[in-house]
Amino acid sequence: MNTSGEHAPNGGLTHFDQGGQAHMVDVGGKHETHRVALATGVIRMQPATLGIIEAGTAKKGDVLGIARIAAIMAAKRTGDLIPLCHPLALTHVSVEFETDAGSASVRCTARVETFGKTGVEMEALTAVQVGLLTVYDMCKAVDKTMVMTDICVTEKRGGKSDITMARP
């Protein structure tokens with residue numbers, strides 16, 4: 001259902017009008033609430049690559065520190081990157097990285113918050129993806145086999161539907 005109570009056309013895909021044309025969703029009738037989203041994703045790599053990241057000896061510098069800044073910047077620019085996303089005034093963005101020697105991987109988790117009329121899931125997902133892309137960029141000289149996977153929203157609160165999902 002859309003904000004006026006009518007069923008959305010096109011099987012509930014809200015970014016299309018009744019004629020099938022793409023449009024930005026009208027959120028003018030929604031109430032402002034505290035919106036929170038968490039997203040996570042993983043980049044898998046060779047064990048030696050993870051060793052370089054953990055030791056801080058990558059030629060380009062502090063891989064996870066730079067990836068954290070890139071992820072935060074990406075969250076702030078999501079409205080510029082995803083064509084139909086609303087530009088949002090974010091009130092909080094945090095990004096954490098967790099290394100796992102057993103799986104030779106780095107997990108990125110982003111938490112994004114705002115007080116507004118639309119959610120911040122896209123901002124959290126964009127932060128995770130750009131954080132992982134930055135790890136890839138900074139390490140590709142030593143490992144071109146890295147794989148990004150399991151990118152998903154694990155929590156969303158503040159709108160008409162809240163979700164919590166276990167991370168893969």
Please name all residue pairs, on different chains or six or more residues apart, with Cβ atoms under 6 Å, provided the first residue is in the range 96-109 and is of a type in the set (Ser, Thr, Tyr) and the second residue is assigned to a strand (DSSP E or B).
-> Thr99/Val106; Ser105/Val42; Ser105/Arg44; Thr109/Thr40; Thr109/Glu96
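For the range 137-168, how many residues are of a type outside the set (D, E, K, R) and without any contact (Cβ under 8 Å) to a residue 12 or more places away in the chain? Can you show your working first?
At the first step, the residues of the range 137-168 found to be of a type outside the set (D, E, K, R) are 138-139, 141-142, 145-149, 151-154, 158-159, 161, 163-166, 168.
If we keep only those that are without any contact (Cβ under 8 Å) to a residue 12 or more places away in the chain as well, we get 161, 163-164.
Qualifying residue count for the region: 3.
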Within the range 153-163, identify whether any single residue is among the β-branched types (Val, Ile, Thr) and either open to solvent by 30 Å² or more (accessible area, probe 1.4 Å) or out of contact with any helix residue (DSSP H, G or I) (no Cβ under 8 Å at 6 or more places or on another chain) (or both), and answer yes or no.
-> yes
So which residues in the range 127-155 are out of contact with any Lys or Arg (no Cβ under 8 Å at 6 or more places or on another chain) and under 18 Å from Ser94 (Cβ atoms), if there are any at all?
-> Ala127, Val128, Gln129, Val130, Leu132, Thr134, Val135, Ile151, Val153, Glu155
Does the range 149-168 contain at least one residue that is at pLDDT 95 or above, outside any strand (DSSP E or B) and not hydrophobic (A, V, I, L, M, F, W, C)?
-> no
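The values are calculated or read from the model by the stated rules, or taken from the named source; none is laboratory data. Only a predicted model underlies this, so the values are computations on that prediction, with no experimental measurement involved. So basically every Cβ, Gly included, is an ideal-geometry build from the backbone, and we count neighbours across all protein chains shown. Heavy atoms of the whole protein, side chains included, go into the accessibility calculation; ligands, DNA and RNA do not. Shrake-Rupley method; radii C 1.70, N 1.55, O 1.52, S 1.80 Å.
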